[in-house]
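My questions all concern the structure below.
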Amino acid sequence: MTVAESLSEVAEETTASHRASFRWQTVLPWALAAVIIVLCLVPFFLVIAISFGRKIEGAAWVWDFTFENYQRFFVGTLWPDEVTFLYLQQLGYSFWYAVIASLLAVMTALPFTLLLTRLSRKAQAAWLVFILSSLSLSEVFIVMGWDILLSNNSGLPALFKSTGLTQWLKDMGWFQVLRDWGLANPRNVKFKTSEFATILTMSYLVWPYAVILLYPALSRMDPSLSEAARTMGASTSQVIRTVILPSVRLPLVGTSLLLFVFLLGTYVAVTVFADPAKHTTAVAIYTNIRGANLNAPFGATQAVILLVSASICLTLGHMLNRWAEAR
Amino acid sequence: MSGLHLKGISKSFGGTRAVEPTDLTFAEGELTALLGPSGCGKTTLLRMIAGLEAPSTGSILLSGRNITELPAHKRKFGMVFQSFALFPHLTVRDNVAYSLAISGTPRGDAARKADELLDLVQLGGFGDRRIGELSGGQRQRVAIARALAQEPDVFLLDEPMSALDAKLREEMQVELRLLQQRLGITTIVVTHDQREAMTMADSIVVMSNGRVEQMGSPQDIYHRPENAFVADFIGKANFFDGIVRSDGIDVGGAMLTAPAEYLKGSPVRVAIRPERACLDTEPGPNRVAANVTFVRDLGPVREYHLKTDLGPVIVEYALGEGELALKAGDTCEVRLPPDALHVFPADPPAMAAE
């Protein structure tokens, strides 16, 4: 074999290897795109398509292209003769619980995380491991724990009564306030089946997420910022208001939005603690798809509206943040 | 009793003593530099003065008033941090006006005062900028203006030049000193840069291992170091370990004449500044034979590295002093004038601190 032949062979081998590499570089992105489409977008588009389907009374449902489900959601089935806002109300409760619970979680997680960042590295690691491991608890398990804690016969109300705290509240006149808030019956305090219990449990569910999400930003914050403010005459509350909160505004907004979206889908806590008249869209979706109603198209409609509403909220939050930043 | 006084102030973190019990007086209107290597406790001392750390023992007196328990926000001490600690969410003007806003000064008055201070630090017209739009030197000026806004009783600066490049650092040292002299504020600067301390300070406190090694004017500290650590940390020095004998100090068999007031047989350390050692022919005591091992020109001075019976010796020779053309490999004699020698007790812990 001559040198020229050897070189030609090597060149051919190199060209073949380049061709194979080129084929892979072309195919791989398409293959990945196909996987993403099949796994993520197809189910999403299926839900959208089903939301336009039609329920057959006494049977399942059929593919269709009707806006009846959307009409039912916004104004009720009897529109225009009669208008009902039942499903909009459920959506309202979804937002109400999610907003308050996410804000509560962020507001309580902020001082805790701030203190956490000031502990020794070892203590921080121990706390973070504990908080991370608590994320592995299922929602059912957590709700069960709170159910016991807030139950009228064996939880906090029983403790209130046995320690005389209930009587003390009555003597002080504060018991009536609790009754007005729906947190007491004529005999004792009552936490279960209340917005208080629902929001508290939902807040507890996402609290570890709040800590984990706030921790990086707070641990990166230069402690000399707070110290500088202190040397310039700022009290602790002024330092928090004028230095810490503005410095972590972006992570705070981001965390609140994330927790809010996460909480929109809460199911177990709402079914256990909320008054049935105050159930959320997430509960209604389950009832329609897997529960008693077996009305998958209407469940899908509710899911789509919940998703669109959450997207609008996120967009508004983002716009608000940009506006605040520009100021 | 004016000025700032520290009485027996100390700080321990767990079992570690960061600052040994310390007594210091900072004269009113003067600039004092706390100088020492990293970890010597100078920043901890400054933070105790600022009220950011509670002292473990002792008290802090300002014009005779005990302020030890007073929280930082009630001390009215302006402080410039190593990182400058400027608030990124505020404009330059709002940063400078921060203490005024906190104290309830009307917004217009605060903005006016902030603009005056920005003029003072030569940053007039920068008020509307964001902190991210400033250079390192400009940030430092904003930090100084901000700390001065509350008209502090004491002005504290924690390594204020460490984030600046060498040239800017030199310029800012002079500017800061001129500003301090103009305002007449009692000022304490923490630094590990002896040149910075010598440039700016009326007096220097040299610290090591949590304790004050020496306090004095820059000239005192340089020319009359009280121990081997100070002699070594401030400027350069040649050191020889020896034993005190009746006729001088025995350094490895060679006898040195030196003003030693130590008992015979005491182990001592002898130090001499490189510029005080002479490569001349003048007769006198302490002439030692030497081999030139290395020569380097440092611009205004030439440095000769010598090998002698005493050990290695560095001699700094000002180029204006005359012609001296020694090169590596040459032999010569180095003269160590007795009045230029400093003799310290051999102190293993002090040596370890280096």
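The values are calculated or read from the model by the stated rules, or taken from the named source; none is laboratory data. The structure presented is a predicted model; accordingly, all values stated were derived computationally and were not measured. Quick reminder, even Gly has a Cβ in these numbers, built from the backbone with ideal geometry, and neighbours come from all protein chains shown. What goes into the accessible areas is simple: the full protein's heavy atoms, side chains included, and nothing from ligands, DNA or RNA. Shrake-Rupley method; radii C 1.70, N 1.55, O 1.52, S 1.80 Å.
Over both sides of the A-B contact, add up the buried accessible area with a 1.4 Å probe and give it to the nearest 100 Å².
Buried area (both sides, nearest 100 Å²): 1700 Å².
Any chance you could tell me what percent of the C-alpha pair distances in chain A go past 25 Å?
Within chain A, distances greater than 25 Å cover 68 percent of Cα pairs.
Just round it to a whole percent: the fraction of Cα-Cα distances in the protein assembly as shown exceeding 39 Å.
Tail fraction, whole percent: 60.
Under a Cβ-Cβ cut-off of 15 Å, what is the net charge of the residues other than A:Thr198 that fall near it, where Lys and Arg count +1 and Asp and Glu count -1?
Computed value for this residue: -1.
Please determine, in degrees from 0 to 90 and to the nearest 10, the orientation of helix B:136-148 with respect to the longest principal axis defined by the Cα atoms of chain B, where the helix direction is its Cα long axis.
Approximately 60 degrees, to the nearest 10.
Whole Å is fine, so just give me how far the alpha carbon centre of the range A:303-327 lies from that of the range B:82-157.
The range A:303-327 and the range B:82-157 have Cα centres spaced 35 Å from each other.
Still on this structure, I have one more. Helix-only mean residue ellipticity at 222 nm, chain A, DSSP H runs n ≥ 4 weighted -39,500 (n - 2.57), per residue, nearest 500. What is it?
So the calculated ellipticity at 222 nm is -23000 deg cm²/dmol.
Could you point to the residue in B:Met161, B:Ala72, B:Ala271 farthest towards the positive end of chain B's charge dipole, with +1 and -1 charges on the Cβ of Lys/Arg and Asp/Glu respectively?
The residue sitting farthest along the positive end of the dipole is B:Ala72.
Can you pull out the trypsin sites (Lys or Arg not before Pro) in the range A:159-251 whose DSSP state is coil and whose Cβ has at most 16 other Cβ atoms within 10 Å?
A:Arg187
Assuming R0 = 45 Å, can you tell me the calculated FRET efficiency for the pair B:Ser246 and B:Phe294, based on Cβ-Cβ distance, to the nearest 0.05?
The computed FRET efficiency comes out at 0.80.
Just to confirm the filter: which GluC sites (Glu not before Pro) across the range B:265-346 are DSSP coil and have at most 12 other Cβ within 10 angstrom of their Cβ?
Answer in residue order: B:Glu323.
Which of A:Val253, A:Ile285, A:Pro297 sits farthest toward the positive end of the charge dipole of chain A, with +1 on the Cβ of Lys and Arg and -1 on the Cβ of Asp and Glu?
Farthest towards the positive end: A:Val253.
Could you provide, to the nearest whole Å², the per residue accessible area of the range B:287-335 with probe 1.4 Å?
Accessible area per residue, the range B:287-335: 56 Å².
Calculate I(q)/I(0) for the range B:287-335 by the Debye formula, one identical point scatterer on each C-alpha and no solvent, and give its log10 at q = 0.24, 0.28, 0.30 Å⁻¹ to two decimals.
-0.86, -1.10, -1.21
Using only C-alpha atoms and all pairs of different ones, pull out the Kirkwood radius for the range A:53-150 in Å with one decimal.
One over the average 1/r among Cα pairs gives 18.4 Å for the range A:53-150.
For chain B, what does the helix formula give at 222 nm: sum of -39500 (n - 2.57) over DSSP H segments with n ≥ 4, over the residue count, nearest 500 deg cm²/dmol?
Rounded to the nearest 500, the figure is -7000 deg cm²/dmol.
Just report the Cα centroid separation between the range B:167-184 and the range B:282-314, whole Å.
37
Just tell me the longest site-free run in chain A, where the sites are GluC sites (Glu not before Pro) in a DSSP loop having at most 10 other beta-carbon atoms within 10 Å.
The reported range is A:83-327.
A further question follows. With axes computed from alpha carbons, what is the tilt in degrees of helix B:166-183 against the longest principal axis of chain B, rounded to the nearest 10 within 0 to 90?
60
Could you look at the range A:243-293 and say what percent of its accessible area is carbon and sulfur, using a 1.4 Å probe and all protein chains?
So the carbon and sulfur contribution to the accessible surface is 65 percent.
Report which residues of the range A:222-270 become buried by 50 Å² or more of accessible surface when going from the isolated chain to the complete set of protein chains (1.4 Å probe; DNA, RNA and ligands ignored).
Relative to the lone chain, where solvent access is computed with a 1.4 Å probe, the range A:222-270 loses at least 50 Å² at A:Leu225, A:Glu227, A:Arg230, A:Thr231, A:Met232.
Determine the dipole magnitude for the range B:287-335: charges of +1 sit on the beta-carbon of Lys and Arg, -1 on that of Asp and Glu, nothing else is charged, the reference point is the Cα centre, and the result goes in debye to the nearest 20.
About 120 debye.
Going by accessible area, probe 1.4 Å, with all protein chains left in place, what is the ranking of A:Leu32, A:Leu169, A:Leu156, largest first?
A:Leu32, A:Leu156, A:Leu169
Need one number: the % of Cα-Cα pairs in the range B:3-140 sitting beyond the 17 Å mark.
For the range B:3-140, the fraction of Cα-Cα distances above 17 Å is 67 percent.
So, with +1 on the Cβ of K and R and -1 on the Cβ of D and E, and no other charges, what is the size of the charge dipole of the protein assembly as shown about its Cα centre, to the nearest 20 debye?
2700
Answer with one residue from A:Phe191, A:Phe160, A:Thr201: the one whose Cα lies farthest towards the positive end of the charge dipole of the range A:147-207, charges on Cβ with Lys, Arg +1 and Asp, Glu -1.
Comparing the listed Cα positions along the dipole, A:Phe160 ranks first.
Here's something else I'd like to know. If you wrap a convex hull around the Cα atoms of the range B:211-280, how much volume per residue is inside, in Å³?
Output value, Cα hull per residue: 113 Å³.
Write down the accessible area per residue of the range A:84-156 in Å², having rolled a 1.4 Å probe over the full set of protein chains.
Solvent-accessible surface per residue comes out at 58 Å².
A further question follows. Give me the 1.4 Å probe accessible area per residue for the range B:12-124, excluding ligands and nucleic acids, in Å².
Using a 1.4 Å probe on heavy atoms only, each residue of the range B:12-124 averages 42 Å².
Next question. What percentage of the solvent-accessible surface of the range B:4-228, computed with a 1.4 Å probe over protein heavy atoms, is contributed by carbon and sulfur atoms?
Ligands and nucleic acids excluded, carbon and sulfur reach 47 percent.
Still on this structure: Against the longest alpha carbon principal axis of chain B, how many degrees, from 0 to 90 and to the nearest 10, is the axis of helix B:107-120 turned?
With rounding to tens, the tilt is 20 degrees.
Roughly how many debye, to the nearest 20, is the charge dipole of the range B:4-228 about its Cα centre, given +1 on each Lys and Arg Cβ, -1 on each Asp and Glu Cβ, and no other charges?
480
Can I ask one more? Hand me the tally of lysine pairs in chain A: alpha carbons under 25 angstrom apart, and the pair either on different chains or 8 or more positions apart.
7
Count charges around B:Thr186 for me, please; just the other residues with Cβ under 9 Å from its Cβ, Lys/Arg as +1, Asp/Glu as -1.
That sum, taken over residues with Cβ under 9 Å, equals -3.
Straight distance only, please: which lysines reach the Cα of B:Lys74 with their own Cα at less than 29 Å, same-chain residues fewer than 8 apart left out?
B:Lys7, B:Lys11, B:Lys42, B:Lys113
Could I ask something else about it? Counting pairs of alpha carbon atoms under 8 Å apart in space and at least six apart in sequence, what relative contact order in percent does chain B give?
Relative contact order, chain B: 16 percent.
Rounded if a/c is under 1.5, else prolate if a/b is larger than b/c, else oblate: which is the range B:1-73, with a ≥ b ≥ c the root eigenvalues of its Cα gyration tensor?
oblate
Quick one: Debye curve from the alpha-carbon atoms of chain B only, equal weights, vacuum; give me log10 I(q)/I(0) at q = 0.06, 0.08, 0.12, 0.13 Å⁻¹ to two decimals.
Values, matching the q order: -0.30, -0.51, -0.93, -1.02.
Please name the residues of the range B:56-88 whose accessible area, counted over protein heavy atoms with a 1.4 angstrom probe, falls by no less than 40 Å² between the chain alone and the full protein assembly.
Buried by 40 Å² or more upon assembly, which counts only protein chains, are B:His73, B:Phe81, B:Phe87.
Using alpha carbon centroids, what distance separates the range B:1-56 and the range A:199-257, in Å?
So the separation of the two Cα centres works out to 31 Å.
Partner chain Cβ atoms within 10 Å, averaged over the residues of B:100-106 - can you pull that number for me?
So the per-residue partner count for this stretch is 3.
If you add up the charges near B:Arg195, with Lys and Arg at +1 and Asp and Glu at -1, over every other residue whose beta carbon is less than 14 angstrom from its beta carbon, what do you get?
-1
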